[in-house]
Amino acid sequence: MEASLLTKVMLPIALAIIMLGMGLSLAPEDFQRVRKYPKAVSIGLISQLIFLPIIGFVITKVVPMQPTMAMGLMIVALCPGGASSNIFTFLAQGDTALSVTLTAFSSVITVFTIPLLGNLAYQHYIGETAAITLPIGATIGQIFLMTLLPIGLGMGMGQLFPEVSRRLEKLTNRLAVGLLALIILMLIIREWNSIPEFILQVGVAVVLLNVISILAGFYISKVFKLNPPQQICIAIEVGIQNGTLAIAITAGLLNNPDMAVPAAVYSLFMYVTGFIAISYGKKLATTNSV
């Protein structure tokens, strides 16, 4: 199986299925929570959409790495939170409603910010004379097809056919996990000899991006005196990015497998910090309940 088939066909399909499953779990009320939690939503979105790219940019300047790897890391920093952030928040006893709201809003906003900021990053790291650039119009269209459209379809089905949607949500989640596992396995087999080198190239940068972003989300929300469940939620939402979307953009849209390396390593490492966040969140919830 060729890498192009994995990154250009199977990966977007898997991402669309994940987004469809997320849409099935969402309702219009999720988008209305911004009026109920304006302070928490604002802090979460600013942390994710402004502070996180700045953190990523600083890391690319501090940690030596190839321009393609730096570009790949920036794409990760530009992506919204993924479905995993909602799951981690729930397990960590954070504010799950806020997590869903932040994921929904950031997914909408990044449809426009990824092409614009991604193009600037591409020009900065790769150079204006590079053969491949990030086409803004086409990128917006493809991200829309991979994310917003399936989310919208899922929400529509959830409103019209709630019982069917509940059963379909479980099926889509299982199918998405199976497809992603197959894709990751095929890519690992194909790049087996290069994996140690990839970790050496971007391991430090990925760890710094993940850990610093989680800590930044937590302490920023703490400074603004949000409650502990909201602090846990924002820390996870800022620190757990949609690595699948980052891989789809770098390996698919930009057709550069090397740029996808930071996203691939990030997608693995984020589960380590995610489980640490779960443990801390449960401990924090227990302490506050006492």
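The values are calculated or read from the model by the stated rules, or taken from the named source; none is laboratory data. Because the structure is predicted, anything quoted here is derived from the model rather than measured. Quick reminder, even Gly has a Cβ in these numbers, built from the backbone with ideal geometry, and neighbours come from all protein chains shown. Note: accessible area is taken over every heavy atom of the protein model, side chains too, but ligands, DNA and RNA are not part of it. Shrake-Rupley method; radii C 1.70, N 1.55, O 1.52, S 1.80 Å.
Per this entry, Ile212 is counted among residues that are assigned to a helix (DSSP H, G or I), over 19 Å from Thr96 (Cα atoms), open to solvent by 50 Å² or more (accessible area, probe 1.4 Å) and at pLDDT 80 or above. Filter the stretch 3-37 for residues that are open to solvent by 70 Å² or more (accessible area, probe 1.4 Å) and modelled with pLDDT of 70 or more; which is farthest from Ile236 (Cα to Cα)? Once the filter is applied, the top-ranked residue is Ile13.
How many residues, within the stretch 215-240, are assigned to a helix (DSSP H, G or I) and either surrounded by fewer than 22 Cβ atoms within 10 Å (Cβ to Cβ) or of a type outside the set (Val, Ile, Thr) (or both)? Going through the stretch 215-240 one residue at a time, the tally reaches 17. Counting the residues of the stretch 146-166 that are aliphatic (A, V, I, L, M) and modelled with pLDDT under 75 gives 2. Ile276 passes every criterion in (1) in contact (Cβ under 8 Å) with a residue 40 or more places away in the chain; (2) open to solvent by 10 Å² or more (accessible area, probe 1.4 Å) apart from (1). Residue-level check: of (1) surrounded by fewer than 23 Cβ atoms within 10 Å (Cβ to Cβ); (2) of a type in the set (Val, Ile, Thr); (3) at pLDDT 80 or above, Val76 misses just (1). Taking every residue in the stretch 92-119 that is open to solvent by 10 Å² or more (accessible area, probe 1.4 Å) and pairing it with any residue that is of a type in the set (A, V, I, L, M, F, W, C) and not in a helix (DSSP H, G or I), at least 6 positions away or on another chain, the pairs with Cβ-Cβ distances below 8 Å are Val100/Leu26; Asn119/Leu134. The single condition from (1) modelled with pLDDT under 80; (2) open to solvent by less than 10 Å² (accessible area, probe 1.4 Å) that Gly44 fails is (1).
Per the listing Leu254, Leu245, the residue uniquely farther than 22 Å from Ser99 by Cα and at pLDDT below 85 is Leu254.
The set of residues from the stretch 257-290 being more than 19 Å from Leu209 (Cβ to Cβ), among the hydrophobic types (A, V, I, L, M, F, W, C) and modelled with pLDDT of 80 or more comprises just one member, Ile278.
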